[in-house]
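Heads up, the thing below is written out as structure tokens.
Derivation of every value follows stated rules applied to the coordinates shown; laboratory data play no part. For clarity, every value in this text was computed on a predicted model and none was experimentally measured. Neighbour counts are summed over all protein chains in view; Cβ atoms, including those assigned to glycine, are modelled from backbone coordinates with ideal geometry.
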Amino acid sequence: MLSIAATSCVAMLAIALAYAGRTNVFEHPGHAAAAAPINLNTVADARPLEAVMATVFSDANDRQPAAQRLFQFLGDERQKTRPLPNVGAIAPLFSPADFAKMKPLFTVRTTDEFRRQVVLFGCIYILAFQAAMLVWRLRGIRTDPLLVAVAHLLTAIGFAVLLSRADPLRDSLTFVRFAEGTVAGVAVMTAVSLVDFGAAGFMTLSYLPLIVALSLSVLLILFGSGPGTSGAKVNLGPVQPIEAIRLLLALFLAGLFARRWELLREIRSPMFRGSRWTRWINLPRAEYVIPVLAGVGLALVFFYIQKDLGPALFLCCVFLATYAVARGRVGMAIAGLALLILGFYVGYRLNISQTLAERVRMWQSPWDNAVPGGDQVTHAIWALATGGSFGTGLGFGDTRYLPAGHTDLILAAIGEELGAAGLLLVAVRARSSPGAASASHGSRETTTVSSSAPRSRCF
């Protein structure tokens, strides 16, 4: 409990510093929006909007219709009983150049509303971890305080960086959704910890995680969409289930290999026993490996259809790692890794996957490439360089200019505001989290193993 309480204090300090830094930047007298911007969620008529239209329309006959059109749009949104989440919601009504000029003159919330959101969701986030510890203490459940403290600190860094990323008056508050997701994750973690896996009947269902993962992949293929104009299918409504799919597939591999590791190690395939030239090859029986290969192969096919190669690479590496551990041999794992690298190289040379080819070109030339979206690598490098050793400080960075700085490039955003020291802290804390050992409590398959069978440490 003491370690979690101390981590919560650090989390509150990080959130407070991020809030102070961000509000200090946007309340600076030299900021473009210092002259009383108009709140789009509270404006009562179109006349104040006409004054803003004067910045982009020189003709009075153009300003009034534009202001009326904007006010009508705002009225329609209010009838849906939802406030505008950001000023960008009105962007489709104007050209990009006109919208860029008027955006600093609009807001969607006040500084008091922003402060209340920070306090509310900051408290909810902190209390979620405290509530989980209280439940475990009341139920007498033994937990690893270091692991929980690591999760608490890493999510606190994420909360603070997302808080300092947005314009507090004009942009969507990404830390709100982050806090909601973290609280949901803590709730799921607490609920799962109350399950007695030793007596749970579903522990014998080794293929259940695979079935759920493939079902989610099918839903993505049928109803998913990609970020922006990308052809990849990663979004299923408001969520990205790919992280759940990765975890489920990892659980499938870990559970299956945990039950069959003795069979995989000790029972050899008779395929190469006939010749003295191949007698040294020690491979497991096909019936113990084919089900796993079939599941992994089907998942890879689905990832290919989704045009999402990242999870495919992750799955291959997890499979090779768990196979090597289960077999107690690294020969086949090394051969599989070499084959994987060769496959990606051939796919790139033959341009089998346009996504793969674009990613390689981004990596080859981050400073000068015409690949759509490739400039985000350059932005990430500049962000890390800007952070230097100790960063710009929470709330004082320009991470809002970092493409996908709240998702894919969150590490670059951390590097800009916390510097190399912050990145080292993240790496150390993530590295220090102890791994959970897999244990099988279901029925164990038994067999008679011949002690005279020759063994090889290669395959």
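Numbers for the structure displayed
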{"quantity": "Relative exposure of 102, 12, judged by other C-beta atoms within 10 Å (fewest first)", "calculated": "12, 102"}
{"quantity": "Taking 171, 76, 62 and counting other C-beta atoms within 10 Å, the order from fewest to most", "calculated": "76, 62, 171"}
{"quantity": "Overall Cα dimensions of the range 295-345 - principal axes, largest extent first, Å", "calculated": "34, 23, 14"}
{"quantity": "Computed over the range 41-107, the ratio Rg/Rh where both radii use C-alpha atoms and Rh is Kirkwood", "calculated": "0.93"}
{"quantity": "Per-residue Cβ neighbour rank within 10 angstrom, fewest leading, 80, 307, 103", "calculated": "80, 307, 103"}
{"quantity": "Taking N as its residue count, the alpha carbon Rg of the range 1-157 over 2.2 N^0.38 Å", "calculated": "1.48"}
